[in-house]
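Okay, structure first, notes after.
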Amino acid sequence: MGLQAKAAEHINPYEVALQQYDRAVAYLDLPKGIVEFLRYPKRELTVNFPVRLDNDDIKVFTGYRVHHNTVLGPSKGGIRYAPSVDLDEVRALAMWMTWKCALVNLPYGGAKGGVICDPYQMSEAELERLTRRYATEINLFISPHGDIPAPDMGTNAQTMAWIMDTYSMTMGYSVPAIVTGKPINVGGSQGRTEATGRGVVICMDEVLHRRGYNRPADVRVAVQGFGNVGTYAAKHADELGYCVIAISDVTGGYYNPKGLDIDDVLHYTADSPHHQLAGYPHAEPITNAELLALGCDVLAPCALENQITEENARDIKAFLIVEGANGPTTPEADDILFENGVQIVPDILANAGGVTVSYFEWVQGLQSFFWDVEEVNRQLQRVLIKAFDEVYRTQTQFGVDMRTAAQITAIQRVGGATHTRGIYP
Ligand code: NAD
């Protein structure tokens, strides 16, 4: 593990989320009590539960579900399976979900869940048992009108199908709207799997057009993370003619200054163990640290938190960062990048495509009326560009960076709605 990764481990994502919040809320004239209310998660659940492993041993796992805020509607947020999951990470991710949903004008609050486990070391059968038991343990907390989970790191459409089935078994009838990001054949939406990566590229494309870059082939893009978000970000960027010169995952990175053949990479990962890049033969191997510092125009961190810190922010050569991951840049790094003129499209805007199409899936599920992929993608583009315009306007109004502008826009909406609803009782 490199120096940069070690430093990142010591950064608490919830503290980062609070620092960002404090920065943005200072521009707003909200009552002190509401400012304080929005800093805290509304409720938190910790569960410890046993799972039978394939060798018949019983192992106890710890999981969480945190609701940060439900003022605008039911809470919404993914479930993460990773060894590094902890309560503060889940709190941060839940808070970011509140701002993200408000920013793109969805009638949702923010939530997040996670289980401390290594999904890459577990069999499919173990993952199914873990998922069904975790779903049962958090049954109290989730419902189609109260809190709706979705996939995040280490989980996928299959995980959502197991949660949907488990919840439906306890209810006695099928409840597709309990989760989003499901497979299409059990009520998923067209376009959901691709939506987050697609949204990253919609945001990148929008900035580049506004800045006068109209020749995609001349724009060199590096993507960190080749899971759900990174894969579709690289694929969509490639489809639009951008030159994707580097990609990476937890096993390392791959670089070709002339541009990678993304179809060839996808062909390789389709059959590789855990769909990872390890051993990809048609590019130069690099480390994740090298990828972040690569000579390129756009950097899309699509892996995990705290990748761009004060340790490496000065090494960034891209002029644009589009945050596919949640929380990849620390506030100290934000300051350095701002000074260096690097523009950042913040996570709560850049990766909001996922929750936007999740919302479409939820609406379709509740109405049992399904849209085609063209309709989904058209509506996704409309929602993201509208939010993008609003962030640009707020940026101009307050003279701040794009992250602070996005947070101001979102916090203003949630704070305003809290005020309008009034304080119960
Ligand atoms: P995923 O599990 O599908 O993929 C994660 C990728 O990151 C994998 O390629 C993994 O190998 C790589 N990775 C893990 N540790 C790494 C490291 N130390 N260095 C480099 N690469 C590493 O997860 P995902 O769903 O693509 O999520 C990625 C990020 O995007 C997360 O921050 C998540 O919260 C965020 N996000 C996901 C969605 C979604 O719809 N899936 C929506 C919004 C935001």
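The values are calculated or read from the model by the stated rules, or taken from the named source; none is laboratory data. These numbers come from a predicted model, not from an experiment. Cβ sites come from the backbone with ideal geometry, for glycine too, and all protein chains shown count toward neighbours. Accessible surface is based on the protein model in full, side chains and every heavy atom, while ligands, DNA and RNA are left aside. Shrake-Rupley method; radii C 1.70, N 1.55, O 1.52, S 1.80 Å.
Tabulated results
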{"quantity": "Near pairs, Cβ below 7 angstrom, 6+ apart or cross-chain, from the stretch 118-129 (assigned by TED's automatic domain parsing to the domain that holds residue 155) to any residue that is outside any helix (DSSP H, G or I) and open to solvent by less than 50 Å² (accessible area, probe 1.4 Å)", "calculated": "119/81; 119/154; 126/51; 126/53; 129/51"}
{"quantity": "Output for the stretch 236-276, where each listed residue is within 16 Å of the ligand (Cβ to nearest atom) and touching a helix residue (DSSP H, G or I) at 6+ places or on another chain (Cβ under 6 Å)", "calculated": "236, 237, 244, 246, 247, 248, 253, 262, 269, 274, 275"}
{"quantity": "Flag for residue 96 being open to solvent by less than 10 Å² (accessible area, probe 1.4 Å) and of a type in the set (Phe, Trp, Tyr)", "calculated": "yes"}
{"quantity": "Test: residue in the stretch 81-94 that is within 13 Å of the ligand (Cβ to nearest atom), more than 14 Å from residue 147 (Cβ to Cβ), modelled with pLDDT of 95 or more and basic (Lys, Arg)", "calculated": "no"}
{"quantity": "Residues that are open to solvent by 40 Å² or more (accessible area, probe 1.4 Å), over 21 Å from the mean Cα position of the chain (by Cα) and closer than 15 Å to residue 252 by Cα, drawn from the stretch 269-284", "calculated": "273, 278, 279, 281, 282, 284"}
{"quantity": "Total residues in the stretch 190-235, condition more than 10 Å from the ligand (Cβ to nearest atom), modelled with pLDDT of 95 or more and polar (S, T, N, Q)", "calculated": "1"}
{"quantity": "Evaluation of residue 68 against (1) over 14 Å from residue 305 (Cβ atoms); (2) within 16 Å of the ligand (Cβ to nearest atom); (3) free of Cβ contacts under 8 Å to residues at least 12 places away in the same chain; (4) of a type outside the set (D, E, K, R) (one fails), failing number", "calculated": "(3)"}
{"quantity": "Every pair of residues 6+ apart whose Cβ atoms lie under 6 Å, when the first sits in the stretch 22-40 and is over 9 Å from residue 411 (Cα atoms) and of a type outside the set (Lys, Arg) while the second is open to solvent by 60 Å² or more (accessible area, probe 1.4 Å) and in a loop (DSSP other than H, G, I, E, B)", "calculated": "none"}
{"quantity": "Failed condition for residue 287, given (1) open to solvent by 10 Å² or more (accessible area, probe 1.4 Å); (2) touching a helix residue (DSSP H, G or I) at 6+ places or on another chain (Cβ under 8 Å)", "calculated": "(2)"}
{"quantity": "Failed item, numbered, when residue 135 is tested on (1) over 16 Å from residue 66 (Cα atoms); (2) without any contact (Cβ under 8 Å) to a residue 40 or more places away in the chain; (3) more than 16 Å from the ligand (Cβ to nearest atom); (4) crowded, with 16+ Cβ neighbours inside 10 Å", "calculated": "(1)"}
{"quantity": "Leading residue by the ranking (farthest from the chain's Cα centre (by Cα)) among those in the stretch 9-32 that are under 21 Å from residue 66 (Cα atoms), open to solvent by 40 Å² or more (accessible area, probe 1.4 Å) and not polar (S, T, N, Q)", "calculated": "22"}
{"quantity": "Lone unmet requirement of (1) farther than 20 Å from residue 183 by Cα; (2) open to solvent by less than 20 Å² (accessible area, probe 1.4 Å); (3) of a type outside the set (A, V, I, L, M) for residue 354", "calculated": "(1)"}
{"quantity": "The stretch 52-83, residues that are among the polar types (S, T, N, Q) and out of contact with any helix residue (DSSP H, G or I) (no Cβ under 8 Å at 6 or more places or on another chain)", "calculated": "55, 62, 70"}
{"quantity": "Residue check for residue 348: buried (at least 16 other Cβ atoms within 10 Å of the Cβ) and touching a strand residue (DSSP E or B) at 6+ places or on another chain (Cβ under 8 Å)", "calculated": "no"}
{"quantity": "Meets criteria (assigned to a helix (DSSP H, G or I) and in contact (Cβ under 8 Å) with a residue 40 or more places away in the chain) for residue 270", "calculated": "no"}
{"quantity": "Top-ranked residue of the stretch 290-311 - restricted to ones that are open to solvent by 40 Å² or more (accessible area, probe 1.4 Å) and touching a helix residue (DSSP H, G or I) at 6+ places or on another chain (Cβ under 9 Å), ranked as farthest from the ligand (Cβ to nearest atom)", "calculated": "310"}
{"quantity": "Residue tally, condition over 30 Å from residue 367 (Cβ atoms), of a type outside the set (Gly, Ala, Ser) and in a helix (DSSP H, G or I), over the stretch 114-136", "calculated": "9"}
{"quantity": "Tally, over the stretch 107-126, of residues that are of a type in the set (A, V, I, L, M) and surrounded by fewer than 21 Cβ atoms within 10 Å (Cβ to Cβ)", "calculated": "3"}
{"quantity": "Whichever residue in the stretch 333-373 is under 23 Å from the mean Cα position of the chain (by Cα) and of a type in the set (Asp, Glu) and, among such residues, is nearest to the ligand (Cβ to nearest atom)", "calculated": "347"}
